[in-house]
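A short reminder: the numbers here are calculations on the coordinates, not readings from a lab. Worth saying up front: this structure is predicted, and the values here are computed from it rather than measured. Counting neighbours? That spans all protein chains shown, and the Cβs are built from the backbone with ideal geometry, glycine included.
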Ligand SMILES: Nc1ncnc2c1ncn2[C@@H]1O[C@H](COP(=O)(O)OP(=O)(O)OP(=O)(O)O)[C@@H](O)[C@H]1O
Ligand SMILES: Nc1ncnc2c1ncn2[C@@H]1O[C@H](COP(=O)(O)OP(=O)(O)OP(=O)(O)O)[C@@H](O)[C@H]1O
Ligand SMILES: [Mg+2]
Ligand SMILES: [Mg+2]
């Protein structure tokens, strides 16, 4: 990638809590090219949302702090810019859609006014113009009878329609990068399919770069180009999505794949990962996945693994495991 | 759903609705028809999966079966006894019989944390059931029995005196399962019991449910919105839409030869993990949302979102009956999925 739109380098985010300091994001690096979609995957607490918050400049202060790394957007480091300037980017260049659309919409403002507000404040549009733009966008994201519904309040919309409103707001100022954090997790499968189809359309139409955050490996498979798996705040495996899913080289990714019942797979006993996701306050030495890992040996306790090229696709596929080649051999053997 | 065995649970034409009151007019102004004429059988030792979109009435159906909601009409036959007629009495022999039967039906909820009293230890949470239902386990056996139950669900009995907040989400769900098992139920209703869990932990709990069924001969009514999970655990599946069952059958029948357009749409919406390796499939993207159960569409309730709807669908309600293939469906125009579906469906 010669000129990535976004380049995150060694990003580290810590939270100070009453019980002590935790490293929610631990030296995370990734690049994203114009028009490319990256899926960030992993279980609860792995650091997906905090990574997104850091890119958007939304890490809650003062408890949370970016303590290291760089976030280079279009050539300049967002972390060293004055906050006012970073805020200006939000919406125009970068935009985000959250999991829970109701809590991010203002309940006492009409939906159309909330979308239109962006045009009025950021583009100096007139009231009538903003309203027209709002209807246009609502129509674009598939809200039926947009011209009529523009004056409704958020509670008059279903969960799926609210998520469309959020997407409409995120798209209003034509951002170059859209981050969607679990955009369909609270929705029915039928509505989830609608939203994912919409995101795929938008991606194709506008060459918009996207970061899709999910705990569901299946939901992103049809849309994302690349996948990045996180565990305990660290990137454990990354590469082209298909490579990561087919020639898996990290035991955690492999465990996740074996935990999912497949709609068209054989109905055999699941092979869950033993144990539970780690407590960031009490991480084991070496590899954080070690206590749950069938491949773990002495080296895993003494030396934290770093991301290294996976031999099948050394240019793009990397995994952080001392036993990556064994895992890969087992995965390939079935 | 035919089975040679006598059904353990048999639901007959069940109707449950909620009144809508107007604060302004101080009277009932309408009704939410949450469950509108549902019938099914669940044989002993088997699992019936219940699927359908949010608001289709799954939880209301479950709550009516365990007696938390009173149906407007219909029967809930457990072992041949109708719980609806039994529940008319507060005291006496019938009330005692009802309590004895109800004990055998337990429920596991989606949110393990909300359903566990934070001020009680795990031991107290589990023993509470025996306090309320004396005679199931004698008091001198409580300690041993709690330990057995915890071990059975994969928790360390040494942790029995800890509080719910000291456990992870997956462990809390195991506590919920242990509590449900305390009264030695024969039927366990799992309402989105694994939905909130991370996939690796969800797989552990699914395996546990499978093992418990094999060991204890439990029957499950398994409610979930994740169709892959339902397919994994169920012997039979019922598909619910706006208060009614639209298709029922064995898991294979529903997943490989669904004939109702709603079932086909639901299945086609399930994301596949390896789209490049999956057989090509027609994705049906349904338009709009599930209509309000206050004033459901006339005739077929699915017709407002159906790409095959004809005038007949508005005037005549399709009942759940054998129409095409070897299992019941409720569509005037059932078709096997091999039939090509119009591409226009994809329009949002
Ligand atoms: N405001 C905060 N204060 C303290 N700790 C926080 C805060 N926000 C996040 N964390 C912690 O940071 C870690 C990473 O959280 P994050 O929200 O990124 O996880 P996630 O991968 O998005 O998980 P989920 O799938 O549950 O959304 C967790 O341990 C979390 O408890
Ligand atoms: N106590 C109640 N009072 C009024 N209406 C209710 C009540 N409980 C449920 N409903 C309504 O009944 C319908 C069915 O709800 P129910 O909770 O049974 O659906 P569900 O299939 O379990 O949905 P979900 O997948 O969201 O859990 C919905 O329209 C709901 O709003
Ligand atoms: Mg998150
Ligand atoms: Mg429910």
Run the quick spin-label model on residue A:258 and residue B:159: label points 7 Å from Cα toward the beta carbon, then report their separation in nm to one decimal. 2.2 nm
Between the stretch B:255-319 and the stretch A:73-121, what is the separation of their alpha carbon centroids in Å? 36 Å
Shape call for the protein assembly as shown, from the Cα gyration tensor axes a ≥ b ≥ c (a/c under 1.5 means rounded, otherwise prolate when a/b beats b/c, else oblate), comes out oblate
Once you keep just the Cα pairs under 8 angstrom separated by 6 or more residues, what percentage relative contact order results for the stretch A:29-100? 21 percent
Mind running the shape call on the stretch B:1-148? Use the C-alpha gyration tensor, a ≥ b ≥ c as the square roots of the eigenvalues: rounded below 1.5 for a/c, prolate if a/b tops b/c, oblate otherwise. prolate
Full-extension gain between residue B:282 and residue B:256, please, as 0.36 nm times their residue separation minus the C-alpha to C-alpha distance. 8.0 nm
Would you tell me the mean number of C-beta atoms belonging to other protein chains that fall within 10 Å of each C-beta in B:193-206, as a whole number? 6
Report, in deg cm²/dmol and to the nearest 500, the calculated mean residue ellipticity at 222 nm for chain A, where each DSSP H run with n ≥ 4 adds -39500 (n - 2.57) and the sum is divided by the residue count. -10000 deg cm²/dmol
Inter-part gap, Cα centre of the stretch A:1-38 to Cα centre of the stretch A:267-334, in whole angstrom, is 20 Å
Quick one: angle between helix B:142-152 and the longest Cα principal axis of chain B, in degrees between 0 and 90, rounded to 10, please. 40 degrees
Computed over chain A: longest principal axis from alpha-carbon atoms vs helix A:111-123 long axis, angle to nearest 10 degrees, is 90 degrees
Between residue B:312 and residue B:75, what is the FRET efficiency for a Förster distance of 22 Å, r being their Cβ-Cβ separation, to the nearest 0.05? 0.10
Considering only chain B, what is the antiparallel percent among its DSSP beta bridges, to the nearest 5? 65 percent
Ignore the peptide's own chain and count Cβ atoms of other chains within 10 Å of each Cβ in B:273-285; give me the average, rounded. 5
Once you keep just the Cα pairs under 8 angstrom separated by 6 or more residues, what percentage relative contact order results for the stretch A:230-333? 36 percent
Restricting to bridges with both residues inside the protein assembly as shown, how much of the DSSP beta-bridge set is antiparallel, in percent to the nearest 5? 60 percent
At 222 nm, what value in deg cm²/dmol follows for chain B if DSSP H runs of at least 4 each add -39500 (n - 2.57) and the sum is divided by all its residues, to the nearest 500? -8500 deg cm²/dmol
Quick calc: nm separation of the 7 Å Cα→Cβ label points for residue A:34 and residue B:25 -> 6.0 nm
Shielding score for A:269-278, defined as the mean number of other chain Cβ atoms within 10 Å: 6
Under a GNM of chain B (C-alpha, springs under 10 Å), which listed residue has the highest mean-square fluctuation: B:107, B:240, B:131? B:131
Gaussian network model of chain A, Cα within-10 Å springs - most flexible of A:103, A:285, A:214: A:103
Figure the gain on full extension for residue A:153 and residue A:88 (residue separation times 0.36 nm, minus the Cα-Cα span) and round it to one decimal in nm. 20.7 nm
Gaussian network model of chain A, Cα springs within a sub-10 Å range: biggest mean-square fluctuation belongs to which of A:136, A:205, A:240? A:205
Just to be sure I understand the model, the point goes 7 Å from the Cα along the line to the Cβ. What's the resulting residue B:216 to residue B:140 distance in nm? 2.5 nm
From the Cα centre of the stretch B:53-113 to that of the stretch A:153-177, the distance in Å is 41 Å
Mind checking the angle between helix A:127-140 and chain A's longest principal axis? C-alpha axes, 0 to 90 degrees, to the nearest 10. 40 degrees
Relative contact order for chain A using alpha-carbon pairs under 8 Å, separation at least 6, rounded to a whole percent? 19 percent
If r is the Cβ-Cβ distance from residue A:27 to residue A:61 and R0 is 22 Å, what FRET efficiency results, to the nearest 0.05? 0.55
For a test of the definition: using alpha carbon positions, the gyration tensor, and the 1.5 limit on a/c, classify the stretch A:230-333 as rounded, prolate or oblate. oblate
